[in-house]
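See below for the structure under consideration.
Each reported figure results from applying straightforward, stated rules to the coordinates on display, with no laboratory input. None of these values were measured; they are calculated from a predicted model. Virtual Cβ from ideal backbone geometry, glycine too; neighbours counted across all protein chains shown.
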Amino acid sequence: MNGKSKIAVLGGGAWGTALAAMTTTSGHETWLYARDRETVRSLNELHRNPHYLGDIELPQGICASVDAKAVLEGADAVLTVLPAQAMRDGLSALGAFIPQSAPVILCAKGIERDTGRLMSEVVAEVLPDHTIAALSGPSFASDVARGLPTAVTIACEDAAIADQLAVTFSGPAFRCYSTTDLKGVEIGGALKNVLAIAAGAAIGRGYGASAQAALVTRGFAELRRIAQAMGARPETIMGLSGLGDLMLTCSSAQSRNYSYGLALGRGEDLANRPLAEGVATAPIAAELCARHAIAAPIIAAVAALLAGKITIDEAVTALINRPLKSED
Ligand SMILES: NC(=O)c1ccc[n+]([C@@H]2O[C@H](COP(=O)([O-])OP(=O)(O)OC[C@H]3O[C@@H](n4cnc5c(N)ncnc54)[C@H](O)[C@@H]3O)[C@@H](O)[C@H]2O)c1
Ligand SMILES: O=P(O)(O)OC[C@H](O)CO
């Protein structure tokens, strides 16, 4: 891809809309597929996505449609911005329209609950002949939709493609770093959501910032351990898609995962909340850690908490009273 390209975005939610706004601002021909006709109308006529992004004014030029074939026809690259747990079914239905030559860039952050697969593994099963990449990092949709400066990582096992995609998707306020560590980028993005629930739950329950800092720091240690066990590079976890996204998501009520944790800690009703990917990822992440004998007590605690097996107070007490060990 050189210069301006046709970018297809799959998913008319907060992040799909924000990414479409960003690629439009960068001068690309941007098409967005959404299932909901009202979302399509609002994007095309009002240049807004009120359900997901409130009154944020989006750039004109996003071409939204319920016709996936038209959105995907001739696309130079495809951003798949469906929820992680919908990725397999969504791409199974849409994959036939994705041009063979178009890299499929995963923008979801999660592990498939039923199989334990990373998103790249899911897509490799559904679209075995396509180039797969991932875009992840500290990036709130509302910030990106408003054109506020943001930096992310784009991963592809082919270094030349990773570099090219970073050029394609970098814009006036959106800086893309490239890496070949696809698994590392995916693991960071998926697990930071689980750890954000922990951080939010502690604050919601009334614990202090010191407890939050301990959870984030020791949660990062679990993230690093898991990534290493899965063959990811430590420097990836210390970058934007790991530490960067962990810091963002564990510290702001703009995060839906952190806010889910806050509500959990406060004992509020958890029904009908916005998407919090960590809720589905936590149990499978805990299961994978147990299966591979990877010590991840905070992730295990979040899974137990979400399953109603323990209270937050019991989780914190258990974590504080674990056998003492060196910090290495
Ligand atoms: N919102 C953010 O700030 C943000 C930032 C970075 C990454 N992400 C990640 O992006 C992914 C999507 O998040 P979001 O914030 O856009 O969620 P969202 O809930 O705002 O939107 C999800 C959209 O996907 C659509 N959808 C669901 N299943 C579908 C299917 N089978 N076919 C077509 N459309 C389908 C829904 O209708 C909805 O419009 C998540 O994995 C999230 O972690 C979100
Ligand atoms: O709202 P969250 O918790 O899904 O976080 C959004 C992005 O992943 C932040 O990088």
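What the table shows:
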item	result
Residue list for the stretch 223-243, filter: crowded, with 22+ Cβ neighbours inside 10 Å and either within 13 Å of residue 195 (Cα to Cα) or more than 16 Å from ligand 1 (Cβ to nearest atom) (or both)	223, 226, 227, 232, 236, 237, 242
Meets criteria (closer than 20 Å to residue 113 by Cβ, small (Gly, Ala, Ser), within 11 Å of ligand 2 (Cβ to nearest atom) and more than 14 Å from the chain's Cα centre (by Cα)) for residue 261	yes
In the stretch 113-130, residue nearest to residue 189 (Cα to Cα) [restricted to those that are out of contact with any helix residue (DSSP H, G or I) (no Cβ under 6 Å at 6 or more places or on another chain) and assigned to a loop (DSSP other than H, G, I, E, B)]	117
Yes/no for residue 29 being free of Cβ contacts under 8 Å to residues at least 24 places away in the same chain and more than 22 Å from residue 277 (Cα to Cα)	no
Selected residue (only one of 127, 72, 53, 82 is touching a Ser or Thr at 6+ places or on another chain (Cβ under 8 Å), touching a residue at least 12 places away in the same chain (Cβ under 8 Å) and aliphatic (A, V, I, L, M))	53
Some residue of the stretch 121-132 being within 25 Å of residue 226 (Cα to Cα) and within 16 Å of ligand 2 (Cβ to nearest atom)	no
Residue in the stretch 151-182 that is nearest to the chain's Cα centre (by Cα), counting only those that are within 16 Å of ligand 2 (Cβ to nearest atom) and surrounded by fewer than 20 Cβ atoms within 10 Å (Cβ to Cβ)	151
Output for the stretch 3-51, where each listed residue is outside any strand (DSSP E or B), crowded, with 24+ Cβ neighbours inside 10 Å, of a type in the set (Ser, Thr, Tyr) and more than 8 Å from ligand 1 (Cβ to nearest atom)	23
Residues satisfying the stated conditions in the stretch 252-298, i.e. closer than 22 Å to residue 52 by Cβ, part of a loop (DSSP other than H, G, I, E, B) and of a type outside the set (D, E, K, R)	252, 253, 254, 255, 270, 271, 272, 274, 275, 276
Per-region count, the stretch 188-232, residues farther than 19 Å from residue 286 by Cβ and either touching a residue at least 24 places away in the same chain (Cβ under 8 Å) or not hydrophobic (A, V, I, L, M, F, W, C) (or both)	11
